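Inspection log for the structure reproduced underneath, given as structure tokens.
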Amino acid sequence: MPARFMEGSEAIAEAMVTAGCRFFAGYPMTPFTEVLEHMARLLPGVGGTCINAESELEAIGMAWGAASTGARAATGSVGQGLSLMQESISELCRAQVPLVVVNMSRGQTDYYQSTRGGGHGDYRTPVLAPVDLPEAVELVQYAFHLADQWRNPVLFYGDYYLAHVQESADVHPYEFGPLPAKDWIVDGLNGGTGNAKLVSPLSSTKHHEDRSGYGGHLKFVAERMATMTEGIEPMVETGFVDDADFVVVSFGTAARYVRYVVGLLREEGLPIGFVRPITLWPFPSDEIARVAERARALAVYELNNGQMIDDVRLAVYGRAPVEFIGDLTLDMSGFGISPDYDVERLLVRIRNAFTAQMSEVS
Amino acid sequence: MSITILPTNGPPTVPAQLVEDFTPSLLNDEMHHLCPGCGHPVAMRAAAEMMGELELATRAIGVVGIGCYTGFASSLDVDVVQALHGRAPSLATGVKRMRPDSFVFSLQGDGDMVNEGLQEIIHTAARGEAVTAILLNNGVFGETGGHMTATTVLGQRTKNTLDGRDAALHGYPVPIANLIAQLDGAAFVGRSAVNNAGNVARTRRMFRRAFELQMAGAGFTFVEVLTMCPTGWFIETSEAPDYLGDKMAGTYELGVLKDPAHPAA
């Protein structure tokens, strides 16, 4: 398919349908609304269903039911709506239900929520955070693959900028390899055989003795979470890190600006590089540790009061100082495009941080 | 075979024999944690038998809520999705939309449906989702040990209404079936009970009607069943059926509230 100039929300919706998503439910909320609009437009044409849910709680519940029948299903909202969905997200991990949850986050950014969540107990969700539309088209489809591969919810992390900026994108299907058969789904065909299926966060089968009760199930799930985290290769983009004294870590749309500004500073001759985590979970800790062996200092740029910096510091593990250079900079609406998404402003910010750090370290 | 039973003070001379097995065919043998005198299994048995009679076993997908009855998710021998507290109607919506030829039912208690998930059941009914929602209403949170729900009747003593539910302090009970009957999306609404043989037979008839209407594509169907909970009502097991008849059925009138064959005048 040739590349088309399209709005981010439309490309994301088309990528979901291309991935085989046949059920979507959502509750309108800026800047997620247009994803819902495009799914409502696209799904009927491919025999799918899109429901304008009465709340975020119902949206994720409907998607849970649809996914339990084996359909590829998704829901989404903004961080605020995902706050309401946290109970379901944590329990979907325990119920081993594959589901894609799209977060078109508002200006405050939701790194903590995405990678730690607000749900209860031991659970993990892979998080994919694209930098631009072409990458979003691929990662949306990868999200469905990962969900089916690990029978787990997967978060796709976008924002206002990704949803509303128009870019050229080629929505074509991606192939990520074979998947396990969905032999666990409820199709209604198994009643009266003694082997009817159960999709439940409390137990894996109808026969509780299989796993010594609820405690046994929780242990099984905890092991599953660890296996999944080990089994997913962290994705990361780096630039100029091999000879960088100063490295800026950033993700998503913010990283798009950081990447560009670091390139400009390189042209000025500054020994500076960048790291962009693409999977926020599993976090590319090994790559950041490797970079920290060489760099004299790292900085984290994110549009909040400092969230991802926790994971960067854990990865750096004291090898180098890690400074926070982000800020909670929002436009007048509070959920639009940050005033910091400005090359001149970011140039000054990163250059100043570099100068300060290098004088301190040397 | 006939068995002669003679009164005797001595030990039995003939070992116990199985005369007939009344276990519903769609029930897995499994340990349960329900109390003596509980009405839930009577209602569940009626539903399981009706699914068997209507040959729905290989088309049925249940969605079960969280409460004492959650064990039915395992003991019912049909495909089941376990929902979170209050969320069964939404899961049932997703299941039915993806499997429109299946028979889809949800199973909730009054705490699950009328407290935690009131909005979900109302909207699912209003959308006319082609599922059968079953409410097991005993007017109390049995699983937590006897606390007030939205359907606790006035005067009923619970652990957090020690002097009885008082409208001035705790508000009025929610007649959920009557609310749902007002919605255009609801095709069939009935309220029954399991406190005596006549009402059990009524429950079976309502299940039959609701299940058949779902499979005929009539839309949303709803069966509320009043069930006994002597443990949560803090009364003797033997008193529970009469308590249901006196206290609950006085608030919640039994009968068919809506049926497509009898449009409201």
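A short reminder: the numbers here are calculations on the coordinates, not readings from a lab. Note that the structure is predicted; figures quoted are calculated from it, not measured. Ideal geometry is used to build each Cβ from the backbone, glycine not excepted, and the neighbour counts take in all protein chains shown.
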Margin query: How large is log10 of I(q)/I(0) for the stretch A:4-169 at q = 0.14, 0.21 Å⁻¹ when the intensity is taken from the Debye formula with one equal scatterer per alpha-carbon?
Written below: -0.59, -1.49
Margin query: Given the C-alpha atoms of the stretch A:237-361, compute the convex hull and give its volume per residue in Å³.
Written below: 94 Å³
Next item on the list: With only Lys, Arg, Asp and Glu charged, each at its Cβ (+1 for the first two, -1 for the last two), find how big the charge dipole of chain A is about the Cα centre; round to the nearest 20 debye.
Entry: 760 debye
Item checked: Modelled label reach - A:Thr30, point 7 Å along Cα→Cβ, the stretch A:87-112 residues with backbone N closer than 17 Å -> A:104-109
Note to self: With a 10 Å cut-off between alpha carbons and a GNM built on chain A, which of A:Gly318, A:Gly177, A:Gly81 moves the most?
What the structure shows: A:Gly177
Check: With charges only on Cβ, +1 for K and R and -1 for D and E, what is the dipole size of chain B about its Cα centre, in debye, rounded to 20?
Finding: 500 debye
Check: Looking only at other chains, what is the average number of their beta-carbon atoms within 10 angstrom of each beta-carbon in A:192-204?
Finding: 6
Item checked: Among B:Ala210, B:Leu18, A:Leu155 - extreme Cα towards positive end, dipole of the protein assembly as shown, charges at beta-carbon -> B:Leu18
Next item on the list: For B:Ala193, enumerate residues with amide H under 5 Å from its amide H, sequence gap 5+ or separate chain, H modeled in the peptide plane.
Entry: B:Thr203, B:Leu226
Notebook entry, point to check: Which value results for Rg/Rh of the stretch B:1-77 when Rg is the Cα radius of gyration and Rh the Kirkwood radius based on the inverse mean 1/r?
Noted result: 1.12
Margin query: Which one, B:Ala240, B:Ala43, B:Ala88, has the greatest fluctuation when you compute a Gaussian network model over chain B with C-alpha springs under 10 angstrom?
Written below: B:Ala240
Notebook entry, point to check: What does the helix-only formula give at 222 nm for chain A: each DSSP H stretch with n ≥ 4 adding -39500 (n - 2.57), the total divided by the residues, and the result rounded to the nearest 500 deg cm²/dmol?
Noted result: -13000 deg cm²/dmol
Checklist line | Rg(Cα)/(2.2 N^0.38 Å) for the stretch B:40-258, N = residue count | finding: 0.94
Next item on the list: With only Lys, Arg, Asp and Glu charged, each at its Cβ (+1 for the first two, -1 for the last two), find how big the charge dipole of the protein assembly as shown is about the Cα centre; round to the nearest 20 debye.
Entry: 980 debye
Notebook entry, point to check: So how much slack lies between A:Thr229 and A:Val348, counting 0.36 nm per residue of separation and subtracting their Cα-Cα distance, in nm?
Noted result: 39.1 nm
Next item on the list: For chain B, calculate the relative contact order in percent as a whole number, restricting contacts to Cα pairs under 8 Å that are 6 or more residues apart.
Entry: 19 percent
Margin query: With a 10 Å cut-off between alpha carbons and a GNM built on chain B, which of B:Ile180, B:Ile122, B:Ile235 moves the most?
Written below: B:Ile235
Note to self: Counting only Cα atoms, I'd like the Rg/Rh figure for chain A, Kirkwood definition for Rh.
What the structure shows: 1.00
Check: Which value in nm describes the separation of the simple spin-label points at B:Gln182 and B:Arg157, placed 7 Å from the Cα toward the beta carbon?
Finding: 3.4 nm
Notebook entry, point to check: Taking Cα pairs under 8 Å and at least six residues apart, what relative contact order does the stretch A:4-169 come out at, in percent?
Noted result: 29 percent
Notebook entry, point to check: Cα centroid distance between the stretch A:148-171 and the stretch B:206-265, in Å?
Noted result: 47 Å
Note to self: Can you tell me, using C-alpha contacts under 8 Å and at least 6 residues apart, the relative contact order of the stretch A:102-247 as a whole percent?
What the structure shows: 22 percent
Next item on the list: Express the Stokes-Einstein translational diffusion coefficient of the protein assembly as shown in µm² s⁻¹, to the nearest whole number, given a Kirkwood radius over alpha-carbon pairs, 25 °C and a viscosity of 0.890 mPa s.
Entry: 92 µm²/s
Margin query: Helix-only estimate, please: 222 nm mean residue ellipticity of chain B, summing -39500 (n - 2.57) across DSSP H runs of length 4 or more and dividing by its residues, to the nearest 500.
Written below: -7500 deg cm²/dmol
Check: How far apart, in nm, are the 7 Å Cα→Cβ label points at A:Ser359 and B:Gln119?
Finding: 5.4 nm
Checklist line | Simple label model, 7 Å out from Cα along Cβ direction - A:Asp170 to B:Ala216, nm | finding: 5.6 nm
Check: How many angstrom lie between the C-alpha centres of the stretch B:94-143 and the stretch B:19-60?
Finding: 19 Å
